[in-house]
1. Going highest first, how would you order 234-242, 89-97 by mean Cβ packing within 10 Å?
2. How large is ³J(HN,Hα) for each residue in region 124-136, as worked out from phi by the Karplus curve 6.51 cos²θ - 1.76 cosθ + 1.60 (θ = phi - 60°), to whole Hz, x for Gly and Pro?
3. With every protein chain left in place, what is the accessible area per residue of region 18-170 in square angstrom, probe 1.4 Å?
4. For Arg57, Arg169, Arg29, give the ranking by accessible area with the largest first, probe 1.4 Å.
5. With every protein chain in place, what's the accessible area of Asp262 (1.4 Å probe, Å², nearest 10)?
6. At a 1.4 Å probe radius, which order do Glu137, Glu272 fall into by accessible area, largest first?
7. When the solvent-accessible surface of protein heavy atoms is calculated with a 1.4 angstrom probe, in what order do Ser22, Ser247, Ser109 fall, highest first?
8. Roll a 1.4 Å probe over the protein heavy atoms and report the accessible area of Thr257 in Å², nearest 10.
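The values are calculated or read from the model by the stated rules, or taken from the named source; none is laboratory data. All values derive from a computational prediction rather than experimental measurement. All Cβ positions, even for glycine, are placed from backbone atoms using ideal geometry, and neighbour counts span all protein chains on display. Keep in mind that these areas ignore ligands, DNA and RNA; they rest on the heavy atoms of the full protein, side chains included. Shrake-Rupley method; radii C 1.70, N 1.55, O 1.52, S 1.80 Å.
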Amino acid sequence: MDEKTGFEISPLPYLNTEFLKSPAARTIRILAEYLEPAERLRRAHIHDTIVFFGSARSPSPEQAAEQLTQIDEQITRAPEPSTELAEARTRAQAAVKLARYYQDAVELSRRLTEWSKSLTGNRDFIICSGGSGGMMEAANRGASLAGGKTIGFNIQLPHEQCMNSYVRRELAFNFHYFFMRKFWFVYLAKALVIFPGGYGTMDEFFEVLTLIQTSKPRKTMPVVLFGNEYWDEVINFDAFVRWGTVSAKELQIFYKTDSVEDAYTYLTGKLEALYMTPEGLDEIKLT
């Protein structure tokens, strides 16, 4: 309140919450989702990441086994198993299969983090995920088991999205805009690993493929598509080539495997060639 005029004094614009949440301040909010993460990552000395994508709905092996046991017990007690219980058991069995990939994500992340920690020089490849549960939790969990830093780029959603406990507060980020979150995934990424997932994973995977196909990131990013059984059933990649919408060469953008050992060898070999040799560094141009 101004004592002379008796009028209520408006807050400073950058302290005006009502304004900052309004459509008029959208540009400021977008800039904030660039500048605030940039400053925190700079302070943490993080320049290189290995990004893991995958389903938030994948349980851990322990959770999947427990869920299946509970449903089997319900079926045993039921005088006549219902259609709902039968469908629940089918879903629980699928969750057990999916949980195998959760464990693979933990192990691959752990091994990559141990490898990264052993490197000398300025390279430190930090495991990064969307920060939520499922495959994202598995990636952060593996890095945490290896005693390494790990990043969570979380986004506010109505369902299934909350920061998992393996991401430390200083590297837990929260976004409103999907496109700003995607920017940070790709901008720091030196490699990507795509585990089985749904719409969100498909969105991220195909966006990365499109960026690499069109040479938008002027850096080489090895991409591993993990889980042959899942991907071979869900997407017929060869059909793209038969229809002429994708070339055979463009299918080589990603490397498909079902083995943690194979994925580890492929990624570390590629990253060492790209970032640990003078020839590789000469070819790297940041976006």
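1. 89-97, 234-242
2. 8, 7, 8, 6, 10, 9, x, x, 8, x, x, 4, 5
3. 55
4. Correct descending sequence by accessible area is Arg169, Arg57, Arg29.
5. Counting only protein heavy atoms, the figure is 50 Å².
6. Ranking Glu137, Glu272 by accessible area, largest first, yields Glu272, Glu137.
7. Result, largest first: Ser247, Ser22, Ser109.
8. The accessible area of Thr257 comes to roughly 10 Å².
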